[in-house]
Amino acid sequence: MQVQDRGTKKWVSLMLPEHVDMLKEVFIDYKKKPVLDMQEMERIDTILKWALDTNEEIEITYFDGGFFKKHRGRLKQIDQWKGYIILFQAGGLRISLDDIIDIEKGIQN
């Protein structure tokens, strides 16, 4: 007689949902921050200055703690000495210039 093993199914029933959630948090796939070349950094700088002058909406992709995040809005301020930008949002979203990965200009709703 041959016994058919159920694999990991037999152990899943012994785990509480809280344990499954905790295991998912442990195994989050963090990404590395990409390194931008000089040409891409100049393109980002040009679009930031354009957005500040024209008050047009932009979409910024930036790196934050192992994840890529996107925000859309109008640029309120560029502080090159302190190294961040501020978008018009609730309280003003502050993004480090070093964390900006990509910018798209002229986004329409």
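Taken together, the values in this text are just the output of simple stated rules run on the coordinates, not laboratory data. Quick caveat: nothing in here was measured; it's all calculated off a predicted structure. A quick note on method: Cβ atoms are made from the backbone with ideal geometry, for glycine too, and the neighbour counts reach across all protein chains shown.
A crude spin-label estimate for the pair Asn55 and Gln89, with each label 7 Å from Cα along the Cβ direction, gives 2.1 nm.
The residues Phe27, Phe88, when put in order of fewest to most other Cβ atoms within 10 Å, stand as Phe27, Phe88. Computing FRET efficiency as 1/(1 + (r/R0)^6) for Lys70 and Asp21, where r is the C-beta to C-beta distance and R0 is 25 Å, gives about 0.45. Taking other residues whose beta carbon is less than 10 angstrom from the beta carbon of Asn55, and scoring Lys, Arg as +1 and Asp, Glu as -1, yields -1.
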